[in-house]
Amino acid sequence: MKMLILGYGNVGKSFVKLLLQKKESVPELKDVEIGGIVNRRGIMLGYRDEFEVNLKGDVFTAYEKVKPDIIIDMMSANYKDGNPSLTLYKTALKDGVSIITTNKAPLALAYREVMSLVGKGRLGFQGTVMSGTPSINLLRILPGAEVKRIRGILNGTTNFILTRMYKGQPFEEALKEAQRLGYAEEDPTLDINGFDAAAKLTILANFAMKKNVSIRDINFEGIQNVKEAIRGNKKVKLIAYADDSKIEVFPTELTPEDPLYYIDGVENALEITTDIQTTVIRGPGAGPINAAYGAFSDLILLKRGFI
Ligand code: HSE
């Protein structure tokens, strides 16, 4: 089974490392091979320890040349139009090629359109929401329950910054640290202004609540205007919320009675309320190895026929 990897930054490199580390111990990985990797510089056909361009061109050239069975998209999000990923997904899914993605833009912009093409070519997107902490894949194992409400902390960078602000660290300093640790988006404004959390909420609302929404339909505000992150026993958290009447992301004051009050640092959490029960999950929301694990777990689940 041949893979084409798009993007070879922190996440892409962590994914390849995981794959090489676990290839012998995970039976599903035995026949998986890297057919090529594309980054901004060009294409490396096959795999070598040092990235070396041996073919000029973009993701489309690589797709034609490698003829992959699976595309692993770990490029950074382009929210202008989702490209080149979105266009490539459409071609690949029509060809019956599967996609595993950590790139939020194509699904936040055109979820229904992409989903309508899923058939022989499957689509794994755990890595788009809460990185390697099961969110999308948790929802896959709640069959038959009707999701009524979703509430969560879906951005690691802002939760990390707010937590540092509770302790008195200035905003800018905390942001620099989040960037150094590989939590922030390439353009960190997308974290700070709530856009990244809104993109994740869009994907969740489409997938779990059968909504037909794009990121452009979501009301959101980030943490750019938060001056006091903690007041008495109240903490400000960036809360993503969806129910039948609204879908939105806003900084919200939480009290200790709320389970989300205790989610600090880069941790994220998701509270899913269905007609049967409420389930809460928490875990790292960002970080190269965690995002890579989102894609890596999808790869194994896809090979098991679960995705
Ligand atoms: N920048 C994102 C975050 C990365 O901080 O949550 C994970 O999607």
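The values are calculated or read from the model by the stated rules, or taken from the named source; none is laboratory data. From a predicted model like this one, the values you see are computed outputs, not experimental measurements. Using ideal geometry, Cβ is built from the backbone for each residue, glycine included, and neighbour counts are taken over all protein chains shown. Please note that ligands, DNA and RNA were not included when accessible areas were found on the heavy atoms of the full protein model with its side chains. Shrake-Rupley method; radii C 1.70, N 1.55, O 1.52, S 1.80 Å.
General observations
Residues checked against (1) touching a Phe, Trp or Tyr at 6+ places or on another chain (Cβ under 7 Å); (2) of a type in the set (Lys, Arg); (3) surrounded by 15 or more Cβ atoms within 10 Å (Cβ to Cβ):
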{"site": "ILE218", "(1), (2), (3)": "no, no, yes"}
{"site": "GLN224", "(1), (2), (3)": "no, no, no"}
{"site": "GLU228", "(1), (2), (3)": "no, no, no"}
{"site": "GLY232", "(1), (2), (3)": "no, no, no"}
{"site": "ILE239", "(1), (2), (3)": "yes, no, yes"}
{"site": "SER245", "(1), (2), (3)": "no, no, no"}
{"site": "GLU248", "(1), (2), (3)": "yes, no, yes"}
{"site": "THR255", "(1), (2), (3)": "yes, no, no"}
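- Any chance SER116 is within 16 Å of the ligand (Cβ to nearest atom), small (Gly, Ala, Ser) and either out of contact with any Lys or Arg (no Cβ under 7 Å at 6 or more places or on another chain) or in contact (Cβ under 8 Å) with a residue 60 or more places away in the chain (or both): no
- Residue list for the range 161-185, filter: more than 13 Å from the ligand (Cβ to nearest atom) and outside any helix (DSSP H, G or I): LYS167, GLY168, GLN169, PRO170
- Just one of the listed residues (ALA199, ALA269, ALA205) is under 17 Å from the mean Cα position of the chain (by Cα) and more than 16 Å from the ligand (Cβ to nearest atom), and it is ALA205.
- So PHE15, is it at pLDDT 95 or above, closer than 29 Å to LEU201 by Cβ and among the aromatic types (Phe, Trp, Tyr): yes
- Restricted to the range 69-116, and to residues there that are acidic (Asp, Glu) and within 17 Å of ASP298 (Cβ to Cβ), the residue that is least open to solvent (accessible area, probe 1.4 Å) is ASP73.
- Given (1) in contact with a strand residue (DSSP E or B) (Cβ under 6 Å, 6 or more places away or on another chain); (2) free of Cβ contacts under 8 Å to residues at least 60 places away in the same chain; (3) within 16 Å of the ligand (Cβ to nearest atom), index of the condition ASP191 fails: (1)
- Matching residues, the range 136-160, being of a type in the set (Val, Ile, Thr) and more than 16 Å from the chain's Cα centre (by Cα): ILE141, VAL147, ILE150
- Checklist (1) closer than 15 Å to GLY294 by Cβ; (2) in a loop (DSSP other than H, G, I, E, B); (3) not aromatic (Phe, Trp, Tyr) applied to ILE99, failing item: (2)
- Test result for ILE289, open to solvent by 10 Å² or more (accessible area, probe 1.4 Å) and in a helix (DSSP H, G or I): yes
- Any hit, the range 46-60, residues being surrounded by 15 or more Cβ atoms within 10 Å (Cβ to Cβ), in a loop (DSSP other than H, G, I, E, B) and without any contact (Cβ under 8 Å) to a residue 40 or more places away in the chain: yes
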